[in-house]
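No value in this document is a laboratory result; all are computed from the given coordinates. In this text the structure is predicted, and so the values were computed from the model without any measurement. A quick note on method: Cβ atoms are made from the backbone with ideal geometry, for glycine too, and the neighbour counts reach across all protein chains shown.
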Ligand code: ADP
Ligand code: ADP
């Protein structure tokens, strides 16, 4: 479980990106941060893995203040997926996914076996493993991005507009796939989107942010729709 306790972020130029944010992302649930561009979604997400440090307030992961954690060690338990999959262009799909197990000490053989398994997990055919990222469609690249984020088997997944760059039909596919995966894997997911329909579809809980970084609402999709 991830707890934000009155978390604020003021950038050096004075911009207040996040203003006294308090919310809890429950274990094994999808918590969505939704709101217009500039409302502090990405900043909030990046504070969880300490790519950005909060200016004030406290973030706790499984009860422990994350500022007490070594950032590199913290990130090993947190997968991160971004809008453009962020794949290494000069490595094959399989090697992109295998990178993480290799870095954490797996043999090349074990890393590739794990990567093949993950390709299947995200619904991609094994043949695609030999291709390079640019030889895949946008939707396929995003699936590889998800597979790579899952490679270290992190309990927490941070997803920043992972499906925003693909066309609407593929996007629906990816959303369905994520729900299927989540019902199997039960990760603690924090998912950022500017699309309220996506938020309602994917979230167990939805946090609606306003420009200025204030929390406007935090509730289940059903309660939000009823309001
Ligand atoms: P969102 O993800 O909701 O689009 P961001 O978290 O990226 O919002 O940005 C929130 C606000 O903080 C915006 O006003 C943005 O311009 C500003 N911001 C983001 N990064 C920086 C930065 N490094 N320095 C100054 N302002 C920033
Ligand atoms: P997003 O897709 O999250 O809205 P942006 O295009 O707003 O991305 O921002 C891209 C990068 O630029 C991010 O790393 C963000 O932190 C940084 N950034 C955004 N706004 C500002 C700003 N006003 N000043 C400096 N950096 C910024």
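What FRET efficiency comes out for residue 27 versus residue 222 if R0 is 25 angstrom and r is the Cβ-Cβ distance? Round to the nearest 0.05.
0.75
Order by neighbour count: 184, 20, 161, fewest other Cβ atoms within 10 Å first, most last.
Arranged by neighbour count, lowest to highest, 184, 20, 161 become 184, 20, 161.
So how much slack lies between residue 137 and residue 76, counting 0.36 nm per residue of separation and subtracting their Cα-Cα distance, in nm?
Gain in length upon complete extension: 19.1 nm.
Which residue, 187, 134, 41, has the most motion in a Gaussian network model of the chain that connects Cα atoms within less than 10 Å?
Checking each option, the largest mean-square fluctuation is seen for 134.
Need one number: the % of Cα-Cα pairs in segment 144-218 sitting beyond the 15 Å mark.
58
Got a sec? How would 163, 88, 4 order by Cβ neighbour count within 10 Å, fewest to most?
So the residues, fewest neighbours to most, are 88, 4, 163.
With the cut-off at 1.5 for a/c, could you classify segment 16-59 from its C-alpha gyration tensor as rounded, prolate or oblate?
In terms of gyration-tensor shape, oblate.
At residue 107 and residue 164, where each label point lies 7 Å from the Cα along Cα→Cβ, what is the point-to-point distance in nanometres?
4.3
If r is the Cβ-Cβ distance from residue 179 to residue 1 and R0 is 22 Å, what FRET efficiency results, to the nearest 0.05?
Calculated transfer efficiency: 0.60.
Can you put 164, 92, 137, 44 in order, fewest other beta carbons within 10 Å first?
Placing the least packed residue first, the sequence is 137, 164, 92, 44.
When the chain is fully extended, how far beyond the present Cα-Cα distance does residue 62 get from residue 126, taking 0.36 nm per residue of separation?
Computed gain between residue 62 and residue 126 is 19.5 nm.
Over the Cα atoms, compute the radius of gyration (one decimal) and Dmax (the largest Cα-Cα distance, rounded to a whole number) for the chain, in Å.
17.5, 53
Normalised by the residues of segment 1-144, what does the relative contact order come to in percent, with Cα pairs under 8 Å and at least six apart?
Relative contact order here is 20 percent.
With both bridge residues required to lie in the chain, what share of the DSSP beta bridges run antiparallel, to the nearest 5%?
Bridges in the chain are about 50 percent antiparallel.
So what is the 222 nm mean residue ellipticity for the chain from helices alone, if each DSSP H run of at least 4 adds -39500 (n - 2.57) and you divide by all residues, rounding to the nearest 500 deg cm²/dmol?
-11000 deg cm²/dmol
Scale the Cα Rg of segment 74-199 by the rule-of-thumb value 2.2 N^0.38 Å and send over the ratio, two decimals.
So segment 74-199 has a normalised radius of gyration of 0.99.
According to the square roots a ≥ b ≥ c of the eigenvalues of the Cα gyration tensor, what is the shape class of segment 1-84, taking rounded for a/c under 1.5, prolate for a/b larger than b/c otherwise, and oblate for the remainder?
Cα axes put segment 1-84 in the rounded bin.
If you stretched the chain out fully between residue 210 and residue 196, how much longer would it get, using 0.36 nm times the residue separation minus the C-alpha to C-alpha distance?
Value of the extension gain: 3.7 nm.
Tilt of helix 168-185 relative to the longest C-alpha principal axis of the chain, in degrees (0 to 90, nearest 10)?
90
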